[in-house]
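Read the structure below first, then the notes.
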Amino acid sequence: MTENELDRRSREILKAVVIQHVESGEPVGSSTVARLSRERLSPATIRNVMADLEEIGLLCQPHTSAGRVPTERGYRLFVDTLLPAPHLPVVDERAIRDSLRGASDTTQLLERASRLLSRLSRHVAIVVAPALAQTRLQHIEFVRLADGRALAVFVSQAGVLQSRVVEAEEELTQDELARMGNFLSDSLAGRTLPEVRNELLRLMSEEKAQYDRLLQQALSLGVRTFDEGAAEPAGVYVEGAANLLAQARDVDLERMRSLFRAFEDKHRIVNLLNQCLESDGVRVWIGSENRAPELREMSLVAASYRSGEQPLGTLGVVGPLRMQYGRAVSLVDSIARTFSEILSGRAN
């Protein structure tokens, strides 16, 4: 028998084992499944089915006299074919909507999303901020500083605000800097940062006689601003790493240390979650399906959030294999959808 040949009874017993093991953390015996069975199956019948499920690699028996626990393949089949459609209690949906819609800016939105996802899932929550290279410019302005420097402040259409100090070629007044910012905003709004940089380089390559001193300075200052900005790494918000301590029996101490180190490596976290940037909906990686070695005994549930049709970033939860997948998928789906609605509204 193969996974594709499983009958309804076998699937229901696998589902019961997964749900019971997730709840208790202990191997599940045939008598426990019998008590939960709506078909009033005998423990002997259930033992035979569980033995078949073990033979094809969906269950395993940690000890000779113990019950069974799901394998990675068992969890994968459960997630792919037995998991109900995402659904959250009304109280959770309201908490998500009220908390996120009350955020004053995108930074606060990202912080709230990570805290909310961690609190409601009781797992580690990771939210990757929109990478600057993927955002579209809405406005830029320059603020005069001392010693020929200026603070460049640019805002994306999704409301992400970034700033950096750049060197001007000559001393400029605040009025001149304001005119530069207005010129660049009018000329470049709606473009991604790489597109902005390429357009600035193209304009600079034209005959300089076309531009007066101030516009030449604006183009030069813009190139320096966006040349650095396009390579800016995405921000990462990690909440609830301490939740791993409550799951210590599922993760040994050395594995836990590796996990904490992984959460501190922002670049790896971004690469891991951005696997689903181009995907629609929620994706689930179970155990060895994860690319990061530190997550090979964990599960990752993640989704992208968008502004309109443009994917901006990702969010998700990391937890043990015996995760409540239905709740995790529902939470990630709900927060990603609410996030997208808010960012799309700000961009319009």
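The values are calculated or read from the model by the stated rules, or taken from the named source; none is laboratory data. Since we're looking at a predicted model, the values are computed, not measured. Neighbour counts run over all protein chains shown; Cβ positions are idealised from the backbone, glycine included.
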State which residue is nearest to Leu110 (Cα to Cα) when the search covers only the stretch 301-324 and only residues that are buried (at least 24 other Cβ atoms within 10 Å of the Cβ) and of a type in the set (S, T, N, Q).
Thr314
Buried (at least 19 other Cβ atoms within 10 Å of the Cβ) and of a type in the set (S, T, N, Q): does that describe Gln61?
no
Filter result for Thr71 (surrounded by 16 or more Cβ atoms within 10 Å (Cβ to Cβ) and not assigned by TED's automatic domain parsing to the domain that holds Val301)
yes
Across (1) in a helix (DSSP H, G or I); (2) touching a Cys at 6+ places or on another chain (Cβ under 9 Å), Val69 clears everything bar (1)
Evaluate the stretch 26-47: report whether one residue or more is outside the structural domain of Pro320 (by TED's automatic domain parsing), touching a strand residue (DSSP E or B) at 6+ places or on another chain (Cβ under 6 Å), more than 19 Å from Val79 (Cβ to Cβ) and among the aliphatic types (A, V, I, L, M).
no
Residues located in the stretch 136-159, provided they are charged (D, E, K, R) and more than 20 Å from Leu219 (Cβ to Cβ):
Asp147
Kindly evaluate Ser279 against the criterion of being outside any helix (DSSP H, G or I), at pLDDT below 90 and of a type outside the set (A, V, I, L, M, F, W, C).
yes
Which residues, taken from the stretch 291-325, are under 14 Å from the mean Cα position of the chain (by Cα) and of a type in the set (S, T, N, Q)?
Ser299, Ser304, Thr314
Which residues, taken from the stretch 310-337, are part of a helix (DSSP H, G or I), closer than 25 Å to Arg191 by Cα and in contact with an Asp or Glu (Cβ under 9 Å, 6 or more places away or on another chain)?
none
Kindly indicate whether Arg122 is touching a residue at least 12 places away in the same chain (Cβ under 8 Å) and in contact with an Asp or Glu (Cβ under 8 Å, 6 or more places away or on another chain).
no
Is there any pair linking a residue in the stretch 54-79 that is over 17 Å from Val33 (Cβ atoms) to one that is β-branched (Val, Ile, Thr) and surrounded by fewer than 18 Cβ atoms within 10 Å (Cβ to Cβ), with Cβ under 9 Å and at least six apart or on different chains, and which?
Ile56/Thr2; Arg73/Ile56
